[in-house]
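Novice: Please read through the structure below; I'll follow up with questions.
The values are calculated or read from the model by the stated rules, or taken from the named source; none is laboratory data. Since the model is a prediction, treat every value here as computed from it, not as a measurement. When we count neighbours, we look across all protein chains shown, and the Cβ atoms used for this are built from the backbone with ideal geometry, even at glycine.
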Amino acid sequence: MLQGDKMGLVLGRNIRKQLIVIGVAVFASMLCSWGAAAPDPQPGPEGIGQPSEAEKLTGELSREAEIHLKSGAYDKAVKVLRQVVRLKPEDAAAHHRLALAYIKVGRYEDAVKASRQAILFQADFPAAHTCLGAAYILLDNPKEAVEALKRAIRLKADNPEAYAYLGAAYLLLNNYEDAAAAYQQAVRLAPDNAAAQIGRGSALAYLGRHQEALEALEQGIRFRPKNAEAYVDLAAALSNLGRQQQALEACQKAISLNPELPEAHFGLGIIYLLMDDLAEATNAFKMAIRLKPDYYQAHSGLGEVLGRRGYYQEAVDSFHKALGIKPDYAWAHFSLGCVQAKYGMKAAALQEHEILKSLNLTLADELFLAIVWTPSPRQKFGFDLLK
């Protein structure tokens, strides 16, 4: 049976990008109000008493963009703000707001460009550096994100958004200690920042600090009770603490909030597996795969369940599907080898052992023991909970 103390690692990793996206949405909403994120306007040249026609038009367009941003009409905001930056190409605040609008419509490369333009015209603009870091996170470029977010924090030390996104970037870099520390700073500065609380819970789960993870996740959920992804991480934390029935209820809550969330069904499958309810685990993994066909962890989970239920060939097929999607998925190689050893296919299991030696020596050694001492001394198959 899978060890509960590794549960959070699987679930946290699967949902962390979604948590980041949710956080960016909150961040963008916070910074969209005129004046809160923008630097003070610069005075015009001396001797000019009245605004020019171009300045009047820019002001009208800026107000129109503000309305679109606040109402959620982000495509319209992009269109209007592009006009603003054409009329006032050195307006750092306009470039920054354009970057925020680009994030909201999923144009992350354009958000990077707009943020860089804002920084070009005002280098000491912390919100623009923070937005740049958020865009890099969404582009799966956490190293650049870390640099941008550190600059934002140097410019404005009491910047909870920058700390929250720094935590997310470190999480993507598998630097869990620094992730937890950055999220802690975000929470210290903004205790009601739900995204920071949830992210901190994920980082603490990776560090094995399960009780602290549970407390952080519960706090985040209090501020955002309809966050389905947070309930999946909550389920992981509860499972890590051996509270399987509560973990099951948390996953079911996640599914009630978002039935199309594949990670919730995957988590449900893991918990049913821990509870030795193999029929329900099978159904849950199959649902996760239906929702996300390239969900290699779910294919591997299904293989594990089928192997336990005695369906050897179906189990092997599931592991091969997982490895077809991610050939270096060490735990699928390990689990496949364990199934092969269990059913007497030791030559095939030894081939998986050879592959594992270049991927994960610890698992390779355990698989060798499983082959020599069939059945496995661990009496369980595994998931890639660490990679």
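Novice: Just a yes or no: is a residue in the stretch 115-133 among the hydrophobic types (A, V, I, L, M, F, W, C), under 30 Å from P191 (Cβ atoms) and under 21 Å from the mean Cα position of the chain (by Cα)? Break it down stepwise before answering.
Specialist: First, pick out the residues of the stretch 115-133 that are among the hydrophobic types (A, V, I, L, M, F, W, C): 118-121, 123, 125, 127-128, 131-132.
Cutting the leftovers down to under 30 Å from P191 (Cβ atoms) gives us 118-119, 125, 127-128, 131-132.
Filter again for under 21 Å from the mean Cα position of the chain (by Cα), leaving 131-132.
Within the stretch 115-133, one or more residues are among the hydrophobic types (A, V, I, L, M, F, W, C), under 30 Å from P191 (Cβ atoms) and under 21 Å from the mean Cα position of the chain (by Cα).
Novice: Identify, from the list A228, A235, the residue that is of a type in the set (G, A, S) and crowded, with 24+ Cβ neighbours inside 10 Å.
Specialist: Values: A228 fails: crowded, with 24+ Cβ neighbours inside 10 Å.
Checking each option against the conditions leaves just A235.
Novice: Further question: Among the residues of the stretch 103-153, write down those that are surrounded by fewer than 17 Cβ atoms within 10 Å (Cβ to Cβ), within 28 Å of A73 (Cβ to Cβ) and of a type outside the set (D, E, K, R).
Specialist: V105, G106, L120, L139
Novice: In this structure, is L238 closer than 22 Å to F285 by Cα and not basic (K, R)?
Specialist: So L238 passes the test.
Novice: Moving to a separate point now. Return yes when A216 is in the same structural domain as I255 (by TED's automatic domain parsing), at pLDDT 90 or above and either surrounded by fewer than 18 Cβ atoms within 10 Å (Cβ to Cβ) or within 26 Å of E144 (Cβ to Cβ) (or both) and no when it is not. Walk me through it before giving the result.
Specialist: Values: in the same structural domain as I255 (by TED's automatic domain parsing): yes; at pLDDT 90 or above: yes; either surrounded by fewer than 18 Cβ atoms within 10 Å (Cβ to Cβ) or within 26 Å of E144 (Cβ to Cβ) (or both): no.
For A216, the condition - in the same structural domain as I255 (by TED's automatic domain parsing), at pLDDT 90 or above and either surrounded by fewer than 18 Cβ atoms within 10 Å (Cβ to Cβ) or within 26 Å of E144 (Cβ to Cβ) (or both) - is not met.
Novice: Taking Q83, is it farther than 19 Å from S202 by Cβ, free of Cβ contacts under 8 Å to residues at least 24 places away in the same chain and crowded, with 16+ Cβ neighbours inside 10 Å?
Specialist: Judged against the criteria, Q83 is a match.
Novice: Please tell me if A281 is in contact (Cβ under 8 Å) with a residue 60 or more places away in the chain, assigned by TED's automatic domain parsing to the domain that holds L207 and in contact with a Gly (Cβ under 6 Å, 6 or more places away or on another chain).
Specialist: No, not satisfied.
Novice: Would you say A181 is buried (at least 23 other Cβ atoms within 10 Å of the Cβ), in the same structural domain as Y136 (by TED's automatic domain parsing) and either in contact (Cβ under 8 Å) with a residue 40 or more places away in the chain or of a type in the set (G, A, S) (or both)? If you could, list the steps in order and put the result at the bottom.
Specialist: On the way: buried (at least 23 other Cβ atoms within 10 Å of the Cβ): no; in the same structural domain as Y136 (by TED's automatic domain parsing): yes; either in contact (Cβ under 8 Å) with a residue 40 or more places away in the chain or of a type in the set (G, A, S) (or both): yes.
When the stated conditions are applied, A181 does not pass them.
Novice: Could you please find all residues in the stretch 291-310 being over 10 Å from V339 (Cα atoms), crowded, with 20+ Cβ neighbours inside 10 Å and either of a type in the set (A, V, I, L, M) or out of contact with any Phe, Trp or Tyr (no Cβ under 8 Å at 6 or more places or on another chain) (or both)?
Specialist: Matches in the stretch 291-310: A298, L302, V305.
Novice: Does A168 meet the test of being under 22 Å from F266 (Cα atoms) and surrounded by 24 or more Cβ atoms within 10 Å (Cβ to Cβ)?
Specialist: no
Novice: Residues that are surrounded by fewer than 24 Cβ atoms within 10 Å (Cβ to Cβ), assigned to a helix (DSSP H, G or I) and assigned by TED's automatic domain parsing to the domain that holds I255: does the stretch 201-208 have at least one?
Specialist: yes
Novice: If we scan the stretch 325-332, do we find a residue that is buried (at least 24 other Cβ atoms within 10 Å of the Cβ) and either outside the structural domain of D365 (by TED's automatic domain parsing) or at pLDDT 95 or above (or both)?
Specialist: No; the residues of the stretch 325-332 include none that is buried (at least 24 other Cβ atoms within 10 Å of the Cβ) and either outside the structural domain of D365 (by TED's automatic domain parsing) or at pLDDT 95 or above (or both).
Novice: Keeping to the stretch 333-355, report how many residues are under 26 Å from A279 (Cβ atoms) and either surrounded by fewer than 23 Cβ atoms within 10 Å (Cβ to Cβ) or touching a residue at least 40 places away in the same chain (Cβ under 8 Å) (or both).
Specialist: The total comes to 8.
Okay, residues lined up against (1) buried (at least 23 other Cβ atoms within 10 Å of the Cβ); (2) among the aliphatic types (A, V, I, L, M):
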| residue | (1), (2) |
| --- | --- |
| S256 | no, no |
| H265 | yes, no |
| A284 | yes, yes |
| Y312 | no, no |
